[in-house]
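What follows is calculated from the coordinates using simple rules that are stated; it is not laboratory data. As the structure is a computational prediction, the values presented were derived from the model and not from experiment. Every residue, glycine as well, gets a Cβ built from its backbone with ideal geometry; the counts of neighbours run over all protein chains shown.
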Amino acid sequence: MSKGPAKAKRGIPSKVESFNEWYPFIVEASDLVDKRYPIKGMDVWRPYGWKTMKLIDSLTHSEMDRTEHEEVNFPLLIPENLLEKENALVARLKRAREEGIDPDELRDEEEEGGFKKEVYWVKHAGENDLDIPMFLRPTSETAMYTMFPLWIRSHKDLPLKIYQMVNTFRYETKQTRSFIRVREIHFFEAHTAHADEACATRQIEQDLEIVDNLMEKLCLPIIKAKRPVWDTFPGAWYTIGIDAVMPNGRTLQVASCHHYRDQWAKAFDITYENLDAEQQYVHQTTYGMSERLLGAVVGMHGDDNGLIMPPAIAPFQIVICPMIKKNSEVDTVGESNRIAELLRKSGLRVKVDSRDIRAGQKYYDWEIKGVPLRLDVGPRDIAQGTVFAALRTGGKEPLLIDNIVELCNNKLNEISTELRKRSFEHMNDVMVQLPEFVESDGNWAMVGDIIDGKIYEMAFDGNDAHAEVIEKLTGLTFLGDSTDEYPQERPCLMTGKMTKRRVILAKTY
């Protein structure tokens, strides 16, 4: 759609030249959120933004139904003693990992190892002090796993697969940024319990399949990487992070999967009776996502004219703009409503903009909101049996009214395809090989420079000391082992040992 002086007058920062200014401007100018609420990091969802988020949620609901998860809703408040239980478990697991020993050989520690420094506390009810202080959930392991022993008794109760979509709360001390770093988080969390480790591992594989399906709809390229040990949640056996690639070459973690083995089950005494009438601990997994998904969509697909909504989550997939002229004998508004009704009956989300304002203002309003497809309806178009279509990804052409449903669906598919093409081209452009490292007298040096805006990959089979050297010399963060390893063995960057391990490094949000 059009670019030029008119755009500059609207005050939209350049996305390419100043993404950090463009992003906060766009999320407010497009009516996704209002950041003026008097608590930092707690934005107010505007109707357009909330509808978009709910459409993302609906895609997740569909995947949960397909994979036979059941929805629950747990209380917001959690008693302090459960947090202490979690902290003790996490601290013990962390110490066991650091010392390389079996966690069962250690006792629970008093050290703070969980969310204690991040939670919001509730210590009073009216004028009364609470006997047991409570906190607002930062996530729901402790709340859910308190109930699991009541729900799981036999192998017939497994697998247990539940999920919820709720708000979680964490006292974020860093600079807040809408959707990306907030203190009240719109959060999806799935929790499962299984008979054994292998069954839980299959659940992780299913979670990653769900991720692929969702990202296909959102037209987002992602990196799936098994986090290095030092960046794995201490309560997990392993963690797989799902990172979206942002336009400035940084990565944004939008989801994660944790395999817990039976570590939490032992702490919360979650057991079942197997076929041999023996008590066994369950093995558990979690899969979480947040409103960061919307932040990634905004950042990846938007341009200097505003948002570009993937059709799957656009509150209005099509906006129809009748050309209103005084004393005209042609009822363009009536014809626009008739066309809209045809499209709605086919399942499309449609808005008729019949405001009596300049056409250019209408175009700007819907362009900045990222509506994928605009249909202009004027007297001449009606006479010719057409509407004039403008794609938010670029391109204009007339469409026959008699075949409008099929043609609009085709155009929406074209837009989704184009968004995927652009985003994957961007990912391919920013992904490069890490420069060579050389050692002399025990000192390492990098042969080359780190380029801002790039994501790096390397063949790596070194140790933690090698990883520490790489992070120090590059200023990059290890995302971990990509789930897509190299098809052929390559020499490790540090040791020369042949390996298929493909490790990803990036600057992150």
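What is the Cα radius of gyration of segment 279-352 over 2.2 N^0.38 Å, N being its residue count?
Values: Rg = 21.4 Å, N = 74, 2.2 N^0.38 = 11.3 Å.
Relative to the 2.2 N^0.38 Å estimate, segment 279-352 comes out at 1.89.
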Percent RCO, i.e. relative contact order, over the chain, from Cα pairs under 8 Å lying at least 6 residues apart: 13 percent
Given +1 on the Cβ of Lys and Arg, -1 on the Cβ of Asp and Glu, and no further charges, what dipole in debye does the chain carry about its Cα centre, rounded to the nearest 20? 2600 debye
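What ranking of 151, 237 emerges when the number of other C-beta atoms within 10 Å of each C-beta is taken as an exposure proxy, fewest first? Don't skip to the end; give the middle numbers.
Values: 151 12, 237 20.
The fewest-first ordering by Cβ neighbours comes to 151, 237.
Which percentage, to the nearest 5, of the DSSP beta bridges contained in the chain is antiparallel? Write down the numbers at each step before the final one.
Numbers: 77 of 92 bridges.
Just about 85 percent of them are antiparallel.
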Between segment 438-509 and segment 20-42, what is the C-alpha centre distance in whole Å? 36 Å
Please express the shape of segment 421-509 as an equivalent ellipsoid: the semi-axes are the square roots of 5 times the eigenvalues of the C-alpha gyration tensor, given largest first in whole angstrom. 22, 16, 11
I need the semi-axes of the equivalent ellipsoid of segment 197-263: take the C-alpha gyration tensor, multiply each eigenvalue by 5, square-root it, list largest first in whole angstrom. 23, 16, 6
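Is the chain best put as rounded, prolate or oblate by its Cα gyration tensor, with a ≥ b ≥ c the root eigenvalues, rounded for a/c under 1.5, and otherwise prolate when a/b is larger than b/c, oblate when not?
Details: a/c = 2.04, a/b = 1.53, b/c = 1.33.
Prolate is the answer for the chain, as a/c is 1.5 or above and a/b outweighs b/c.
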FRET efficiency for residue 198 and residue 436, using Cβ-Cβ distance with R0 set to 25 Å, rounded to 0.05: 0.05
Ranking 272, 48 by Cβ neighbours within 10 Å, fewest first, what do you get? 48, 272
For segment 316-417: lysine pairs with Cα atoms under 22 Å, gap of 8 or more or different chains, count? 13
How big is segment 276-400 on each of its three principal axes, counting only the C-alpha atoms and giving the largest first in Å? 84, 35, 24
Given that compact globular proteins tend to follow 2.2 N^0.38 Å, what is the ratio of the alpha-carbon Rg of segment 118-267 to that value? 1.20
On a 0 to 90 degree scale, rounded to 10, what angle separates helix 464-474 from the longest Cα axis of the chain? 40 degrees
